[in-house]
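Just so you know, all these numbers are worked out from the coordinates, no wet-lab data involved. Note that the structure is predicted; figures quoted are calculated from it, not measured. Here the Cβ positions follow ideal geometry from the backbone for every residue, glycine too, while neighbour counts run over all protein chains shown.
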Amino acid sequence: EMLVCLVAVAFVLAGAVTRHMDKYVVNEIGYINDKMFWIAAGNLDDRVDVTSSLEFARLSGYINEMVKSLLDSHVKMSYVLKKTNLRMGVYEYNQKSGSVQYTDYLPALLEIEDNGKTLTDLAEFEAFISGVRQNAIPDEENVYRIGGATEKYVRLEETVNNEGVLGVVIDVTSEVVRRRKIEVERDIDTLTGLYNRRGLDIRLEQLFAEPDNLGHAAV
């Protein structure tokens, strides 16, 4: 009878220990692994909150501090760019997280209205960038016109890897305007407003490159 009681107690204790391990150790580890997966995928809004034991609480705190430091990197980058007076914006996103991280100057640089959706919804942001690329400037690599009435130009370049997309936007308005002014002064006669010999040759070369669009003309 004593042996049977001991065996029964052993089974009860084993079951209790197993349930306790599943509830407070195995399940919590699985929860942390799931959170780390989404954080690694770029979803930096996630937070780990496990307080079932002192060790897990400390681990949760360390993970959240790490994520906060990653978020602070965008703030630090914005600060550095602002201090250097560089008219530049940086953004980063990936499809897994569905969120966009960006520096402070980016909305003003791309003239994004502060509706809260373009910069928070990945699909909206990708559509906006695609629209920017529709206004490419001829003979200018990765340079696009922003806005309608004002003459503003940006250089937009992206690098794509397995983790997501990193984009850099630089205001090149002054460079483009100055270069166009030089080209006008070079190719246009200031007195008559007509092409000079060099300007005429360049224009004719452009026209004859697409003769179907030229149609009939006389000089």
Extension gain from K181 to A209, taking 0.36 nm per residue of separation minus the Cα-Cα distance: 7.7 nm
Cβ-Cβ FRET estimate between R197 and N161, R0 fixed at 35 Å, reported to 0.05: 0.10
